[in-house]
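So the structure is just underneath, and the comments pick up after that.
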Amino acid sequence: MAPMAASDDTLQVILGGVRIGELARVSGRLTFAYDDAYRTAAGATPLSLSMPLSRPEHGDEIVEAFLWGLLPDNERVLEKWARGYQVSARSAFGILRHVGADCAGAAQFVPAEAVNGILLGRGEIDWIDEEEIGRRIKVLRGDPTAWHMSRTGQFSLAGAQAKTALLLENDRWGDPSGAVPTTHIIKPAITGFDDHDLNEHVCLLAAGRLGLLTATSRVREFAGERAIVVERYDRRTGPDGRLERVHQEDLCQALGVPPTAKYQNEGGPSAEDVIRLLRTARDADESIDRFVDALAYNWLVAGTDGHAKNYSLLLTGGEVRLAPLYDLASALPYDDMYLPRLRMAMRVGGEYAITKLSRRHWVRFAAANGLDPEAVLARVAHLAAGMGEAFAAVAADPEIASLGSAMPGRLAERVASHALSCQTALRQTA
Ligand SMILES: Nc1ncnc2c1ncn2[C@@H]1O[C@H](COP(=O)(O)OP(=O)(O)OP(=O)(O)O)[C@@H](O)[C@H]1O
Ligand SMILES: [Mg+2]
């Protein structure tokens, strides 16, 4: 007989309010098993594209990669959480037991005793006021590992930057727990990068003006403390007025790659890997076009952080779509970022260096991915031509201007000049 997992060696997996299976740890190795009734039901959504429903059970390596993908990419945060919960910082399973009820996507990972309450939609909300949010942002600025500052409702999210997640309902903020999800991600500016919150917001807004699908964000103050507030696209209000979770996973998770390899130059996914994966999607052409737009945009803003965890897929039943873009930012406002040294997070046509990328790389990229080179070039050139105006318009927006920062104007100027160089590079036929 196979050894049975003890109850603290199992976690139940709920997806969008339905129990879908169980994670088990036996002799230190993890498995995830779908419930048969779920797996064979019409319209079931997989936990991950790396764990297809065609197989009842998935093994240690894939499950570990997926679970780490739900946790912060920040060792100091992981260590702090592990210490707080008295579990090993090297056990994603052990940490998720305490923070797995609110993750990216629709999945919740909870101990058996929490399942019924969640299936019944039970949850609590600790309401907090703006003063308290301001206090938390201030603490986070001083201690970027202080992601958790509430008594209840411990979310988990990936990424390295200081952040917190809260629920916003009827203009009130709260820490949710149980079945109730967080709806917004709040990130203060990164220490050392002035106005990084605003940089991210401006890059999202300008991308939106150029027709790219992006997360909705704002930069605002809570009791005098400023942060970017990003609406979660993996939450929505259902027909009965309740908040629902929408499933997503990032590209590392979908490809079964651990988050430590999120950058291509560290063995992580390439644009070719991503496009191959997207080809299996039902709306493949649209998602691929949107991914190419995102790569081009990162080139045009000198966005160096477009790694495989900064793109996600929305999974609904058998449907796969590229999620709205998030975590966009430009290196151009920072004087210590020397442009000729800046590199894309993913190679385009064999080239990482932003100032070396040119027409032939985009042509090579198109050919390597079975895309029409003329169509790709035309699309990149179209985006390049619109950059200056899009950033200028965002910088002039009254809400942005009211923040009183010189950064959006400086960014707009630098993006315009960099985009001109990119347009020249796109015309180089040699
Ligand atoms: N608007 C959103 N809706 C849903 N999920 C989101 C949204 N924005 C970010 N996420 C999820 O939260 C994670 C962390 O967010 P984000 O990438 O902004 O953090 P970060 O710390 O700045 O990341 P990095 O370490 O890449 O700089 C993302 O990897 C993604 O899974
Ligand atoms: Mg990120």
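Out of Phe193, Phe222, which single residue is out of contact with any Lys or Arg (no Cβ under 7 Å at 6 or more places or on another chain), within 15 Å of ligand 2 (Cβ to nearest atom) and more than 17 Å from Asn310 (Cα to Cα)?
Details: Phe222 fails: within 15 Å of ligand 2 (Cβ to nearest atom).
Sole residue among the options that is out of contact with any Lys or Arg (no Cβ under 7 Å at 6 or more places or on another chain), within 15 Å of ligand 2 (Cβ to nearest atom) and more than 17 Å from Asn310 (Cα to Cα): Phe193.
When only residues in region 224-240 that are more than 8 Å from ligand 1 (Cβ to nearest atom) and of a type in the set (Lys, Arg) count, which is nearest to Arg321 (Cα to Cα)? That would be Arg236.
Apart from one condition, Leu332 fits all of (1) assigned to a loop (DSSP other than H, G, I, E, B); (2) away from ligand 1 (no atom under 16 Å from the Cβ); (3) surrounded by fewer than 18 Cβ atoms within 10 Å (Cβ to Cβ); the exception is (3).
Here the condition is being outside any loop (DSSP other than H, G, I, E, B), surrounded by 15 or more Cβ atoms within 10 Å (Cβ to Cβ) and among the acidic types (Asp, Glu); of Glu131, Glu64, it holds for Glu64 alone.
Conditions (1) out of contact with any Phe, Trp or Tyr (no Cβ under 8 Å at 6 or more places or on another chain); (2) of a type in the set (Lys, Arg), marked per residue:
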site	(1), (2)
Ser91	yes, no
Ile95	no, no
His98	no, no
Asn116	yes, no
Lys138	yes, yes
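Among the residues of this structure, Asn310 does not count as one that is part of a helix (DSSP H, G or I), within 16 Å of ligand 2 (Cβ to nearest atom) and either closer than 28 Å to Leu71 by Cβ or of a type in the set (A, V, I, L, M) (or both).
Here region 196-219 is the region considered, the condition is being of a type in the set (Gly, Ala, Ser) and open to solvent by less than 30 Å² (accessible area, probe 1.4 Å), and the residue that is nearest to ligand 2 (Cβ to nearest atom) is Ala215.
Provide a single number: the residues in region 49-81 that are away from ligand 1 (no atom under 16 Å from the Cβ) and of a type in the set (Ser, Thr, Tyr). Let's see the steps before the verdict.
Within region 49-81, the first condition is being away from ligand 1 (no atom under 16 Å from the Cβ), and the residues that meet it are 51-64, 79.
Filter once more, so that each one left must be of a type in the set (Ser, Thr, Tyr): 54.
Selection size over region 49-81: 1.
Confirm whether Ala271 is over 30 Å from Lys138 (Cβ atoms), crowded, with 21+ Cβ neighbours inside 10 Å and within 16 Å of ligand 2 (Cβ to nearest atom).
Working: over 30 Å from Lys138 (Cβ atoms): yes; crowded, with 21+ Cβ neighbours inside 10 Å: yes; within 16 Å of ligand 2 (Cβ to nearest atom): no.
For Ala271, the condition - over 30 Å from Lys138 (Cβ atoms), crowded, with 21+ Cβ neighbours inside 10 Å and within 16 Å of ligand 2 (Cβ to nearest atom) - is not met.
Note on region 132-185: residues that are touching a strand residue (DSSP E or B) at 6+ places or on another chain (Cβ under 7 Å) and hydroxyl-bearing (Ser, Thr, Tyr) total 5.
For region 299-310, a residue qualifies if it is buried (at least 24 other Cβ atoms within 10 Å of the Cβ), in contact (Cβ under 8 Å) with a residue 60 or more places away in the chain and in contact with a Phe, Trp or Tyr (Cβ under 8 Å, 6 or more places away or on another chain), and exactly one does: Gly303. Cβ-Cβ distances below 8 Å connect the following pairs, each with a first residue in region 215-236 that is in contact (Cβ under 8 Å) with a residue 40 or more places away in the chain and under 13 Å from Arg135 (Cβ atoms), a second residue that is of a type in the set (Lys, Arg) and open to solvent by 30 Å² or more (accessible area, probe 1.4 Å), and a separation of six or more residues or different chains: Ala223/Arg135; Glu225/Arg135; Glu225/Lys138; Glu225/Arg141; Ala227/Arg220. Being farther than 17 Å from Arg218 by Cα, within 15 Å of ligand 1 (Cβ to nearest atom) and of a type in the set (A, V, I, L, M) is true of Ala160.
Report every pair of residues separated by at least 6 positions or lying on different chains whose Cβ atoms are under 7 Å apart, first residue within region 145-165 and within 19 Å of Val110 (Cα to Cα) and within 14 Å of ligand 2 (Cβ to nearest atom), second open to solvent by less than 10 Å² (accessible area, probe 1.4 Å) and of a type in the set (Ser, Thr, Tyr). Pairs found: Ala165/Thr182.
The values are calculated or read from the model by the stated rules, or taken from the named source; none is laboratory data. Not measured: the values here are computed from a predicted model. Neighbour counts run over all protein chains shown; Cβ positions are idealised from the backbone, glycine included. The area values use the complete protein model at the heavy-atom level, side chains included, leaving out ligands, DNA and RNA. Shrake-Rupley method; radii C 1.70, N 1.55, O 1.52, S 1.80 Å.
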